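Right, one structure below, let's go through it.
The values are calculated or read from the model by the stated rules, or taken from the named source; none is laboratory data. Computed from a predicted structure; not experimentally measured. Glycine also receives a Cβ, built like all others from the backbone with ideal geometry; neighbour counts cover every protein chain displayed. SASA here: full protein model, heavy atoms, side chains in, ligands and nucleic acids out. Shrake-Rupley method; radii C 1.70, N 1.55, O 1.52, S 1.80 Å.
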Amino acid sequence: MITDAIAAYAHFISIFLAFSCLAGELILYRPSMPAEIVRRLRRIDAGYGLAMAVTVATGFIRATLIGRGV
């Protein structure tokens, strides 16, 4: 029972984190950017990739191992 909750919370938090990263990229992106902003965007994009990896992994775990994909 507790594993169901942990997997669900991790899944939803990673979705919210991915959305936050996309919003941050949207706010910071400009046609001409200084190097500092480009470095910041690189870190945000890495966070987005990590959040999406966790989303896929927890979704797979919820759908197959836990059996509560709904």
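For the stretch 6-45, how many residues meet the condition of being outside any helix (DSSP H, G or I) and either open to solvent by 90 Å² or more (accessible area, probe 1.4 Å) or within 21 Å of Val56 (Cβ to Cβ) (or both)? Full working, then the answer.
Taking the stretch 6-45 first, the residues outside any helix (DSSP H, G or I) are 29-34.
Cutting the leftovers down to either open to solvent by 90 Å² or more (accessible area, probe 1.4 Å) or within 21 Å of Val56 (Cβ to Cβ) (or both) gives us 29-32.
Looking only at that region, the number is 4.
Quick check: is even one residue across the stretch 52-63 aliphatic (A, V, I, L, M), open to solvent by less than 40 Å² (accessible area, probe 1.4 Å) and either at negative phi or modelled with pLDDT under 95 (or both)? Steps first, answer last, please.
So the first thing to find is which residues in the stretch 52-63 are aliphatic (A, V, I, L, M), and the list is 52-54, 56-57, 61, 63.
Subset that is open to solvent by less than 40 Å² (accessible area, probe 1.4 Å): none.
Scanning the stretch 52-63, I find no residue that is aliphatic (A, V, I, L, M), open to solvent by less than 40 Å² (accessible area, probe 1.4 Å) and either at negative phi or modelled with pLDDT under 95 (or both), so the answer is no.
What number of residues in the stretch 46-70 are part of a helix (DSSP H, G or I) and touching a residue at least 12 places away in the same chain (Cβ under 8 Å)? Walk me through how you get there before you give the answer.
Here is the first cut: in the stretch 46-70, the residues part of a helix (DSSP H, G or I) are 46-66.
Then drop every residue that is not touching a residue at least 12 places away in the same chain (Cβ under 8 Å), which leaves 47-48, 51-52, 54-55, 58-59, 61-62, 66.
Of the residues in the stretch 46-70, 11 are part of a helix (DSSP H, G or I) and touching a residue at least 12 places away in the same chain (Cβ under 8 Å).
Being more than 16 Å from the chain's Cα centre (by Cα) and among the small types (Gly, Ala, Ser) is the filter here; which residues of the stretch 39-70 pass it?
Correct list: Ala63, Gly67, Gly69.
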